[in-house]
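Student: One structure, as structure tokens, below. Some questions next.
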Amino acid sequence: MRNLSRNKSVTMSEEKAHAEFGPSSLKYVAKCAGYKGNSGTNPAAEKGNRIHAALEHRKVSMLTDADEIDIYNSCVKEEDQLFSMIFSGNECDTLIREKRISLDLDAKTETFGTADVVATRGDTALIVDYKTGYSKIDEVRDNWQAKAYVLGVFQEHEHLNHCTFAFIVPKRDEVLWGQFMRLEVPMLRAEISAIVSQAEVTRPKWEQGTIDIDDVTPSVDCRFCAFESKCPALGAITLGVAARLHPELSMLPAGNLQITEDTDADTIEKLYAVAKIVETWCSSVRYQAVQRAMAGTELPNYKLRSLGQIKKITSQDFLLKLAAKYNVTTDDIIESSTISLADVTAALHKKTPKKAKAKTVEAFVAEAEALDIVELGAPRYTLTSR
Ligand code: SF4
């Protein structure tokens with residue numbers, strides 16, 4: 001039996017990759033077989049990646065600010081406690097960080113994912129996943145990501161009989177954990193195989209252009225879906241909202257609610273009216289929801305987040321003087337700002353005597369164009385009623 005110290009863990013991050021239906025997206029695919037996660041990154045995801053990398057290499061110097069270090073320290077502390085609890089204070093036999101776990105499923109697509117920590121001792125395993133954000137995490141025994149990793153670990157290590165899965169969620173001050181037994185493997189395999197098999201049938205319909213309302217199941221998670229902007233189910237919901245506000249709009253033809261080359265003029269017009277109506281309704285709902293959250297209403301899937309405050313300058317003169325004190329000249333400020341022609345003509349309009357306003361502004365614009373310092377962007381259009 002190999003006795004592995006915690007700080008001699010093996011890391012396998014070079015094996016990172018994304019499966020078509022990986023464990024972290026199973027929750028969404030289980031809810032809607034048409035779901036596909038948005039690709040691309042954002043500051044929160046990059047922050048999460050940095051913290052994960054630092055935890056993998058146990059190198060706090062990889063982090064960039066105090067919040068990241070706080071999350072890192074909480075993860076280390078909670079992980080220590082989990083190891084102590086699951087292995088009764090003993091060293092584990094094996095410990096792998098960023099461990100790729102493959103699932104043997106009754107489905108065609110290869111399914112795998114990367115678990116943050118997998119440790120074993122005797123017939124017991126501990127899997128740990130760090131969650132660095134604020135999102136609410138489903139309880140472990142109902143959590144598809146946890147169930148997928150547990151299944152993969154049981155399948156890979158035939159001698160294991162017990163497996164504990166734990167999510168460490170410092171931003172929510174939570175450690176969620178649950179236990180699984182080997183006898184649950186057939187059930188876990190059947191459940192996850194069913195989800196992946198259904199998605200294997202549904203997702204290709206997007207490319208084939210045959211996706212229909214009955215294939216998909218809208219939920220709050222649609223906001224993470226790559227198909228959000230063209231999903232027929234979301235179009236149907238939107239239409240339902242518009243029709244409640246304006247019943248005559250319920251007369252749209254069944255089927256695709258996107259504008260395509262085949263859409264007739266009457267339908268384009270109705271869809272445009274729906275979009276305009278729903279846009280206003282959406283803004284109003286968003287505003288009211290934020291007001292309610294500010295007043296203390298707890299929402300199950302959303303939380304209030306400050307976007308900061310807009311800082312307005314009350315004295316431009318003093319600001320320029322202050323900037324100069326820091327060696328920022330007026331030329332530097334002009335260089336780093338975007339001054340629009342409209343801003344300058346508005347200023348000119350304001351300071352020109354009444355009778356000469358139009359002519360002076362016209363002459364100014366003509367001279368600017370003659371000097372070739374005005375570039376015309378692409379023409380912009382909107383639709384207005386006849
Ligand atoms: S946008 Fe459509 S396909 Fe995507 S999760 Fe929502 S309902 Fe499913």
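Student: Taking the condition at pLDDT 90 or above and open to solvent by 100 Å² or more (accessible area, probe 1.4 Å), does Glu367 pass? Break it down into steps so the answer makes sense when it comes.
Tutor: Values: at pLDDT 90 or above: yes; open to solvent by 100 Å² or more (accessible area, probe 1.4 Å): yes.
So Glu367 passes the test.
Student: For Ile211, indicate whether it is within 15 Å of the ligand (Cβ to nearest atom), outside any helix (DSSP H, G or I) and within 29 Å of Asp106 (Cα to Cα). Quick ask: steps written out before the conclusion?
Tutor: Working: within 15 Å of the ligand (Cβ to nearest atom): yes; outside any helix (DSSP H, G or I): yes; within 29 Å of Asp106 (Cα to Cα): yes.
Judged against the criteria, Ile211 is a match.
Student: Would you pick out the residues in the stretch 157-171 that are under 22 Å from the mean Cα position of the chain (by Cα) and open to solvent by 10 Å² or more (accessible area, probe 1.4 Å)?
Tutor: Scanning the stretch 157-171 gives Pro170, Lys171.
Student: Please determine whether any residue of the stretch 143-156 is free of Cβ contacts under 8 Å to residues at least 24 places away in the same chain, open to solvent by 50 Å² or more (accessible area, probe 1.4 Å) and within 29 Å of Glu68 (Cβ to Cβ).
Tutor: Quick first cut of the stretch 143-156, residues free of Cβ contacts under 8 Å to residues at least 24 places away in the same chain only: none.
Within the stretch 143-156, not a single residue is free of Cβ contacts under 8 Å to residues at least 24 places away in the same chain, open to solvent by 50 Å² or more (accessible area, probe 1.4 Å) and within 29 Å of Glu68 (Cβ to Cβ).
Student: Restricting to the stretch 292-315, name every residue that is open to solvent by less than 100 Å² (accessible area, probe 1.4 Å), part of a loop (DSSP other than H, G, I, E, B) and free of Cβ contacts under 8 Å to residues at least 60 places away in the same chain. Spell out the reasoning first.
Tutor: Residues of the stretch 292-315 that are open to solvent by less than 100 Å² (accessible area, probe 1.4 Å), as a first pass: 293, 295-297, 299, 301, 304, 306, 308, 313, 315.
Checking the rest, the ones that are also part of a loop (DSSP other than H, G, I, E, B) come to 295-297, 299, 301, 304, 306, 308, 313, 315.
If the condition is that a residue be open to solvent by less than 100 Å² (accessible area, probe 1.4 Å), part of a loop (DSSP other than H, G, I, E, B) and free of Cβ contacts under 8 Å to residues at least 60 places away in the same chain, then Ala295, Gly296, Thr297, Leu299, Leu304, Ser306, Gly308, Ile313, Ser315 are the ones that fit.
Student: Evaluate the following for Arg223: is it within 16 Å of the ligand (Cβ to nearest atom) and without any contact (Cβ under 8 Å) to a residue 40 or more places away in the chain? So that I can check it myself, show each step before the final result.
Tutor: Working: within 16 Å of the ligand (Cβ to nearest atom): yes; without any contact (Cβ under 8 Å) to a residue 40 or more places away in the chain: yes.
Yes.
Student: Criterion first (exposed (fewer than 10 other Cβ atoms within 10 Å of the Cβ) and modelled with pLDDT under 95) does Ala342 satisfy it? Explain how you work it out, then say what you get.
Tutor: Working: exposed (fewer than 10 other Cβ atoms within 10 Å of the Cβ): yes; modelled with pLDDT under 95: yes.
Yes: the conditions hold for Ala342.
Student: Does Glu228 satisfy the condition of being assigned to a loop (DSSP other than H, G, I, E, B), open to solvent by 60 Å² or more (accessible area, probe 1.4 Å) and under 30 Å from Asp138 (Cβ atoms)? Talk me through it step by step, then tell me what you get.
Tutor: Values: assigned to a loop (DSSP other than H, G, I, E, B): yes; open to solvent by 60 Å² or more (accessible area, probe 1.4 Å): yes; under 30 Å from Asp138 (Cβ atoms): yes.
Yes; evaluated as a whole, the condition is true for this residue.
The values are calculated or read from the model by the stated rules, or taken from the named source; none is laboratory data. A quick note: this is a predicted structure, and the numbers were derived from the prediction, not measured. FYI the Cβ positions are ideal-geometry reconstructions off the backbone, even for glycines, and counts take in every protein chain you see. Ligands, DNA and RNA are excluded from the accessible area calculation, which covers all protein heavy atoms including side chains. Shrake-Rupley method; radii C 1.70, N 1.55, O 1.52, S 1.80 Å.
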